[in-house]
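Following: one structure in structure tokens, then a few remarks.
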Amino acid sequence: MTRTPILVVGGGPAGALAARGLALRGQRVALIEARSQAHDKVCGACLHPEAVRELDRAGLGQLLEHAQELSSLELFRNARRVRLQVALGRVLSRRALDEALLLAAVHAGVELRRGHSAVSLTTRHDGVELDVRAPTGEVAREHASVVLLANGLGNLRVSSSAGPSASRAAAGSAPTSRATTASRASAGARARRPARARRLGAGAILPASAPGPERGLLQMFVAPEGYMGVVRLEDDRLDLAAAFDAEALRNAGGAADLAARLFARADHALHEFAGRARWRGTPALARPEAPTLQHVLPLGDAAGSVEPFTGEGLRRAFVQANAVVEHTLDAVAGNGQAAARWARTRRELLRANTARVNRLAGALRHPRVVALGVGLASLWPAAAERVAGSLHGRTVLR
Ligand SMILES: Cc1cc2nc3c(=O)[nH]c(=O)nc-3n(C[C@H](O)[C@H](O)[C@H](O)COP(=O)(O)OP(=O)(O)OC[C@H]3O[C@@H](n4cnc5c(N)ncnc54)[C@H](O)[C@@H]3O)c2cc1C
């Protein structure tokens with residue numbers, strides 16, 4: 001068994017940026033990333049202006065050198081469409097963004113272990129035990145003072161030997177026997193809430209030759225089955241990303257067919273390309289907030305995911321990655337309250353944007369609202385641009 005003071009699970013934006021921040025503060029950090037090489041992710045690749053600012057704050061603004069300005073939005077409701085001038089932020093492929101962040105972490109001194117997957121995590125009174133599978137398939141047990149859990153929507157078995165307050169499963173994790181009671185209780189609470197259609201993420205990358213929006217334009221398709229966005233990336237490939245209703249996805253026979261159907265309804269030239277593309281999926285997008293476990297600090301999607309295309313995903317990953325550094329130093333110094341304090345800080349950070357995100361998520365989930373918006377926007381485009389700008393948290397361009 002080896003011991004590393006800080007282990008970060010997951011080399012996405014949240015994990016890579018947090019690991020870098022800790023290394024810059026002189027900490028020894030190992031970053032475990034399941035994927036062995038650069039890869040495309042299911043994501044709209046849109047960086048909200050606040051996400052851009054947060055990267056700047058970390059001294060990494062230059063990573064967006066090749067990112068495109070996103071200055072217009074085209075909304076489709078069937079064959080009706082409206083185009084608005086709104087400053088939406090920047091676009092950069094997740095392949096480029098995630099790689100640049102990992103490289104920045106390595107430059108800061110982080111030990112990056114690619115192709116290694118955390119398979120289970122157990123909290124002990126003096127730290128955390130993590131079982132990690134190497135690319136050879138061999139599983140080794142590691143011990144860390146603190147673990148940053150940034151594994152996105154990925155699954156991890158979590159258990160605790162640190163007492164009842166720490167006996168819940170981490171977000172997205174299969175509960176072990178000690179975690180079962182609390183998990184059932186929260187599942188019961190969830191079941192009493194009004195039903196909200198279960199959404200799954202899906203995405204595809206199309207070659208530069210595919211017809212679609214020019215650089216700087218986000219096309220959004222909103223339908224009862226879900227919604228889908230298309231942007232042109234820095235290398236001119238097209239990024240297609242969608243949040244589809246799970247049942248509609250099953251009925252359509254898969255993401256390719258459902259996307260092709262939405263494009264066909266909009267009379268969009270992409271309908272044939274989308275039907276032939278190789279789509280990748282995500283687990284269910286809705287996640288409850290991660291429970292508090294001693295010595296474990298969740299962040300990014302692992303701490304509870306949000307509605308896609310609200311610009312909140314990457315913004316929150318960066319904000320939390322910058323903020324978690326002080327809390328991690330506290331935890332390493334032996335402060336038993338550090339994980340609980342981090343949970344409170346996370347909630348406060350979330351609160352700042354909740355109203356905007358809820359308004360936007362509500363609009364995306366109600367195609368009739370969008371249909372009405374498309375109709376009104378074609379009559380009063382300037383007013384619609386102001387509304388779209390305020391939903392996104394930005395003023396319009398003109
Ligand atoms: C359809 C869709 C569209 C979206 N569009 C946008 C958008 O346009 N703008 C925006 O801001 N957000 C968007 N999001 C949300 C955004 O993608 C996420 O919020 C963001 O990726 C969260 O970053 P993260 O670092 O927490 O997780 P991730 O980016 O998921 O990174 C987690 C990392 O952990 C690794 N990992 C997982 N399990 C393990 C393990 N057991 N061991 C080791 N490594 C592991 C994974 O390989 C991955 O690299 C979208 C999401 C979806 C589903």
Other-chain or far-sequence residues with amide H under 5 Å of Ala118's (modelled H): Arg133
Residue order, fewest to most beta carbons within 10 Å, for His327, His125, His271: His125, His271, His327
Cβ-Cβ FRET estimate between His271 and Gln85, R0 fixed at 41 Å, reported to 0.05: 0.95
Cut-off under 5 Å, modelled amide H: who pairs with Leu70 long-range: Leu88, Gly89, Arg90, Val91
HN-Hα J in Hz across the range 112-124 - Karplus 6.51, -1.76, 1.60, θ = phi - 60°, x for Gly and Pro: 9, 10, 7, x, 9, 10, 6, 10, 7, 9, 10, 8, 10
Among 63-72, 40-49, the order from most to least packed when residues are scored by Cβ within 10 Å on average: 40-49, 63-72
Shape call, the range 1-63: gyration tensor on alpha carbons, a/c limit 1.5: oblate
Relative intensity, log₁₀ I(q)/I(0), of the range 49-93 from a Debye sum that treats every alpha carbon as a point, q = 0.17 Å⁻¹: -0.57
Formal net charge of residues neighbouring Leu249 (Cβ-Cβ distance under 15 Å; K, R +1; D, E -1): +1
Pairwise FRET efficiency - Asn251 versus Arg124, Cβ, R0 = 41 Å, nearest 0.05: 0.30
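So if I place +1 on the C-beta of Lys and Arg and -1 on the C-beta of Asp and Glu, and nothing else carries charge, what would the dipole magnitude of the range 1-64 be about its Cα centre? I want it in debye, nearest 20. It would help to have the intermediate numbers written out before the result.
Working: 8 positive and 5 negative charges, 62 e Å.
Approximately 300 debye in magnitude.
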Spin-label model distance (nm) - Ala134 vs Leu60, 7 Å beyond Cα toward Cβ: 2.8 nm
Added length on full extension, which subtracts the Cα-Cα distance from 0.36 nm per residue, Asn155 to Glu348: 66.9 nm
FRET efficiency, Arg28 to Asp236 (Cβ-Cβ, R0 51 Å, nearest 0.05): 0.80
Derived scalar couplings ³J(HN,Hα) [the range 7-15; Karplus, 6.51 cos²θ - 1.76 cosθ + 1.60; whole Hz; x for Gly, Pro]: 10, 10, 9, x, x, x, x, 5, x
Amide H partners (placed H, <5 Å) of Leu297, local residues excluded: Val147, Leu148, Leu149
Whether the range 1-106 is rounded, prolate or oblate, judged on the alpha carbon gyration tensor where a/c under 1.5 counts as rounded: prolate
Karplus 3J(HN,Hα) series, Hz, for the range 28-34 with 6.51 cos²θ - 1.76 cosθ + 1.60 (x for Gly, Pro): 8, 10, 10, 10, 9, 10, 5
Length released on extending from Glu214 to His143, taking residue separation times 0.36 nm less the Cα-Cα span: 20.6 nm
Check: the range 22-173 dipole with +1 on Lys, Arg Cβ and -1 on Asp, Glu Cβ, in debye: 500 debye
Nearest-20 debye value, the range 263-363 charge dipole, Cβ charges on Lys, Arg, Asp, Glu: 140 debye
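None of the figures in this text is laboratory data; all of them are computed from the coordinates on show. Predicted, not measured: the structure shown is a model, and the values here were computed from it. Cβ: placed from backbone, ideal geometry, glycine included. Neighbour counts: every protein chain shown.
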